[in-house]
Amino acid sequence: MSARPSPSEERLLAYAAGKLSPPEAVVVSACLALRPEADAWVRRLQGVGGVLLEEVEPSPLQPDALARALARVGADTGEVVAEPPLNDMPELPEPLRRYPLGRWRTLGPGVEVRDVLAPRDGDTRVILLRIAPGQATPKHTHGGVELTCVISGAYATENQAYFPGDFEEADEETLHQPRVISDEPCLCVAALDGQIVLDGWFGRLIQPFVRL
């Protein structure tokens with residue numbers, strides 16, 4: 001694993017074991033599509049899990065299992081039908097191309113957000129965030145965990161710069177103000193639990209009007 005900002009090993013282990021929430025898994029899968037070295041590491045973990053499954057005592061099949069399988073085979077015409085793309089953003093990593101998208105909404109000067117209509121988990125959902133060059137989000141913390149992967153462009157916080165394929169994990173204790181440092185807009189995908197919490201008196205003033 002490289003020193004670039006990446007999902008934590010604990011989060012990758014949970015992903016490999018299928019234990020992440022659906023929104024978190026969507027963002028991690030997008031990151032892995034952009035990070036072949038991390039994807040290979042996860043595939044090795046999944047391979048180990050497959051070996052362990054082979055050692056588990058098998059469970060008996062239902063009496064009609066064979067008949068149901070043969071019925072599905074008989075219903076297959078053998079014709080391969082190409083699935084149409086589900087959204088209008090071919091620049092997205094392949095895992096994100098599987099989901100329809102909501103419309104772009106403006107959050108402030110140079111800041112737009114768009115829903116990824118992937119499965120939710122309670123109040124946790126997936127969004128795309130697009131920020132213009134030189135622009136920054138308001139300084140904020142979070143009502144829960146926020147996982148972010150950079151798709152294109154780059155942004156920096158007070159302590160770290162993030163480039164395509166980089167991954168940031170933030171929570172209630174993280175106070176930051178991402179600012180775009182690339183010459184092109186920064187496009188990110190994020191799994192967001194709850195709402196962001198704006199910092200300072202002005203942030204508290206406009207908080208009711210800022211919802212992702």
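The values are calculated or read from the model by the stated rules, or taken from the named source; none is laboratory data. Note that the structure is a prediction, hence the values are computed from the model and not measured. As a convention, Cβ positions derive from the backbone with ideal geometry for all residues, glycine included, and neighbour counts pool all protein chains shown.
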**Message:** Considering only residues that are at pLDDT 95 or above, touching a strand residue (DSSP E or B) at 6+ places or on another chain (Cβ under 8 Å) and assigned to a loop (DSSP other than H, G, I, E, B), which ones fall in the range 172-189?
**Reply:** I181, S182, E184, P185
**Message:** If I filter the range 190-212 for residues that are in a strand (DSSP E or B) and either at pLDDT 95 or above or polar (S, T, N, Q) (or both), do I get at least one hit?
**Reply:** no
**Prompt:** Just checking, how many residues over the range 153-192 are surrounded by fewer than 20 Cβ atoms within 10 Å (Cβ to Cβ) and of a type in the set (V, I, T)?
**Reply:** 3
**Message:** So if I check each of A69, A82, which one is modelled with pLDDT under 80, surrounded by 10 or more Cβ atoms within 10 Å (Cβ to Cβ) and not basic (K, R)?
**Reply:** A69
**Prompt:** So is G134 out of contact with any Gly (no Cβ under 7 Å at 6 or more places or on another chain), surrounded by fewer than 18 Cβ atoms within 10 Å (Cβ to Cβ) and closer than 26 Å to L20 by Cα or not?
**Reply:** no
**Item:** Among (1) within 22 Å of V116 (Cα to Cα); (2) in a loop (DSSP other than H, G, I, E, B); (3) at pLDDT 65 or above - the single one L32 does not satisfy
**Value:** (2)
**Asked** Residue check: is E169 among the acidic types (D, E), in contact with a helix residue (DSSP H, G or I) (Cβ under 8 Å, 6 or more places away or on another chain) and either within 24 Å of A33 (Cβ to Cβ) or assigned to a loop (DSSP other than H, G, I, E, B) (or both)?
**Response** yes
**Request:** Count, please, the residues in the range 87-123 that happen to be over 26 Å from V145 (Cβ atoms) and in contact with a helix residue (DSSP H, G or I) (Cβ under 6 Å, 6 or more places away or on another chain).
**Result:** 0
**Prompt:** Do any strands (runs of 3 or more DSSP E) lying entirely in the range 96-143 carry at least 2 residues that are among the aliphatic types (A, V, I, L, M), touching a Phe, Trp or Tyr at 6+ places or on another chain (Cβ under 7 Å) and touching a residue at least 24 places away in the same chain (Cβ under 8 Å), and which ones are they?
**Reply:** 111-121
